[in-house]
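The values are calculated or read from the model by the stated rules, or taken from the named source; none is laboratory data. Remember, it's a predicted structure, so these values are computed and weren't measured experimentally. Cβ: placed from backbone, ideal geometry, glycine included. Neighbour counts: every protein chain shown.
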Amino acid sequence: MKQLSYERRIQLLALAAGLPGSLIALILLWTGNFSSGAFWTLAFLIVSLWLGFAFSLRSRVVFSLQTLSNLLAALREEDFSLRARGARSDDAMGEVIIEVNALSETLRQQRLGALEASALLRTVMEEIDLAIFTFDNHAKLRLVNRAGERLLGRPMGRLRRKSWDSAPAWTGILRAPWS
């Protein structure tokens, strides 16, 4: 048997929550001494309100979860500028939104700190007269200063992201002590 979606379960729970009260109201209406016009008007009103509130509850829950999903997707895509509004600390969804907003702010601050550190590193490396090369875990060149460019005879733009084993000119110059 196929499992019901979260939205469908919320919808069924909302309908089930209003069913007893609506059913009792309809039974009392049926057994009461009301004209047919009053009976049908009140019956329509009871059923309409029951269904309206049940579907409204589903829409409200789904909207809140979609908003939260969009915020998390923005964080995954490194867009830390989005924030949820109207978060209250006295309800569960508000607490989740407050935490997502705090996570977004923390990640934004960390990214700014990393950018500042990277800019400082580049500035310091440009002023050093020794050739400096930095590589990532895949042996790809990530950073080289001017002295390194002069040593290899190529600008950084042409050197970046190249593997140190891919350029024959590097093999005699660059050797890791562990290779």
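Helices (runs of 4 or more DSSP H) fully within the stretch 83-165 that include at least 2 residues being at pLDDT 80 or above: 92-127, 146-152. Return the pair list, or none, for Cβ contacts closer than 7 Å from residues in the stretch 53-73 that are in the same structural domain as Ser5 (by TED's automatic domain parsing) to residues that are of a type in the set (A, V, I, L, M) and outside any helix (DSSP H, G or I), at least 6 apart or on different chains. As it stands, the answer is Thr67/Ala84; Leu71/Leu82; Leu71/Ala84, since those pairs meet every condition given.
Looking at the stretch 6-50 only, could you name the residues that are of a type in the set (S, T, N, Q) and touching a Phe, Trp or Tyr at 6+ places or on another chain (Cβ under 8 Å)?
Filtering the stretch 6-50 down to residues of a type in the set (S, T, N, Q) leaves 11, 22, 31, 33, 35-36, 41, 48.
Answer for the stretch 6-50, where residues must be of a type in the set (S, T, N, Q) and touching a Phe, Trp or Tyr at 6+ places or on another chain (Cβ under 8 Å): Gln11, Ser22.
Of all residues in the stretch 87-98, those satisfying the criterion of being out of contact with any helix residue (DSSP H, G or I) (no Cβ under 8 Å at 6 or more places or on another chain) and either over 19 Å from Val62 (Cα atoms) or surrounded by fewer than 10 Cβ atoms within 10 Å (Cβ to Cβ) (or both) are Asp90, Ala92. Apart from one condition, Leu75 fits all of (1) assigned to a helix (DSSP H, G or I); (2) of a type outside the set (S, T, N, Q); (3) surrounded by fewer than 15 Cβ atoms within 10 Å (Cβ to Cβ); (4) in contact with a Ser or Thr (Cβ under 7 Å, 6 or more places away or on another chain); the exception is (3).
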